[in-house]
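Working notes, beginning with the structure itself.
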Amino acid sequence: MSWVIFGYVSSSLFGYIIARMILAKTWRVFSRWKEYMGYVVFMSIVGLLFTFDLFGYKTYQPSLNEIERAYFGDHIYFFENDEIDEENAFYYEKENIRNIYLFHQHLIEQRTYPVNDRRNVVIGYDLKNGERIVREYTVPTNLYNQFYKPIFNSIEFKKNHYPILRKTNFKDVLQIRIGSEDKVVRLQDRADIESFLAVLQQQLLHETFDETTINRSWGTISILYEKYQEQGIEWRKSYHLVEQWLQDRGLLQQARVTADDIAEIKIIKNTKQVPWYDWTPEMIEREKAKMVVHDKVKIEQCLQMAAWGEEDYILGIYYKNGRIDIQSFSKHFVPPFVH
């Protein structure tokens, strides 16, 4: 904040001096400081009015029964462009509106938060009288998740977030690509497309908030529509219905990495809590206390639970083609044989 204030003061003073020089057609303007001080006093008063919220802007919240629909998102884009038929962030169901309202109420009452691990949230309302209200906050991730979870688990959220759930037929779907790394399966047969998307819809409807908090995914499911439209959905490792569909048709090996692609996995307990992204293959090789896994069943378990961003266990995944990938385990999500 000190640098912000310095920036405002120095730039306004510089602007005032330049403007004075232009008007007076001389550089001898440094004695004309009273007007600038008047400006400073005026702007300070305006700043104090907003700081102490004398107009009630920060604490204003309409009554719950005035709200026609509520907006909840990470940014304001879809609030201002709600006619776009993509991801939607408006909610009409009373329970979701109430949850968003309670979150907003909490943010109004508790204004100071820790600096670290925060995320952006935008809350808005379209009122029954036609007015629009929107506020933006930066809040701790844990607090955000606490209020976000019941909204995420609602059917309305999922239909907003995944446009494929709003479709009742798939006639305009031309192709589906399912893949990770350098592997990909393409579905173009009409029966396969219909069957797969029906399974995907069930998977997305049953997805829980907790599944999204761990960065565990195989790759991407891309749905290609007519008129060159494409929708991408993260292929999470928790999507067991999708995996079973591929397995039943003998397509799993073509779509993602399996134990057959791996030579070995080296597991290290990250006692020093070195950030996951700082680890290198050379560091893994230097570690003496490491577990080396060759058994295919155990390798598959490791692949299923491996994530990015965790720091309790570090995994060196050694592919048969010579590639080395570094991932991680959380202590709360680790194969039973790891000690």
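The values are calculated or read from the model by the stated rules, or taken from the named source; none is laboratory data. What you are looking at is a predicted structure, and each value in this text was computed from that prediction instead of being measured. Heads up, the Cβs are rebuilt from the backbone with ideal geometry, glycines too, and the neighbour counts pull from every protein chain shown. The protein model used for the area step is the full one, side chains on, heavy atoms only, and it has no ligands, DNA or RNA in it. Shrake-Rupley method; radii C 1.70, N 1.55, O 1.52, S 1.80 Å.
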Output the residue which, of all residues in region 1-45 that are of a type in the set (K, R) and part of a helix (DSSP H, G or I), is most open to solvent (accessible area, probe 1.4 Å). K34
Which count do you get for residues in region 81-98 that are open to solvent by less than 60 Å² (accessible area, probe 1.4 Å), modelled with pLDDT of 75 or more and either out of contact with any strand residue (DSSP E or B) (no Cβ under 6 Å at 6 or more places or on another chain) or not hydroxyl-bearing (S, T, Y) (or both)? 6
Could you tell me whether any residue of region 43-63 is modelled with pLDDT of 80 or more and acidic (D, E)? no
Residue by residue through region 243-264, note down the ones that are within 17 Å of G179 (Cα to Cα) and open to solvent by 30 Å² or more (accessible area, probe 1.4 Å). Q244, Q247, D248, R249, G250, L251, Q253, Q254, D260, D261
Which residues, counting only those in region 288-304, are over 14 Å from V334 (Cβ atoms) and either open to solvent by 70 Å² or more (accessible area, probe 1.4 Å) or basic (K, R) (or both)? K288, A289, K290, H294, D295, K296, V297
Identify the residue in region 172-207 that is under 25 Å from the mean Cα position of the chain (by Cα) and among the polar types (S, T, N, Q) and, among all such residues, is modelled with the lowest pLDDT. S180
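Let me confirm something: among D117, D126, which residue is touching a residue at least 40 places away in the same chain (Cβ under 8 Å) and farther than 23 Å from Q201 by Cα? Can you show your working first?
On the way: D117 fails: touching a residue at least 40 places away in the same chain (Cβ under 8 Å).
Answer to the check: D126.
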Please go through region 57-80 and pick out each residue that is closer than 18 Å to Q105 by Cα, free of Cβ contacts under 8 Å to residues at least 60 places away in the same chain, open to solvent by 50 Å² or more (accessible area, probe 1.4 Å) and of a type in the set (S, T, Y). Y57, T59
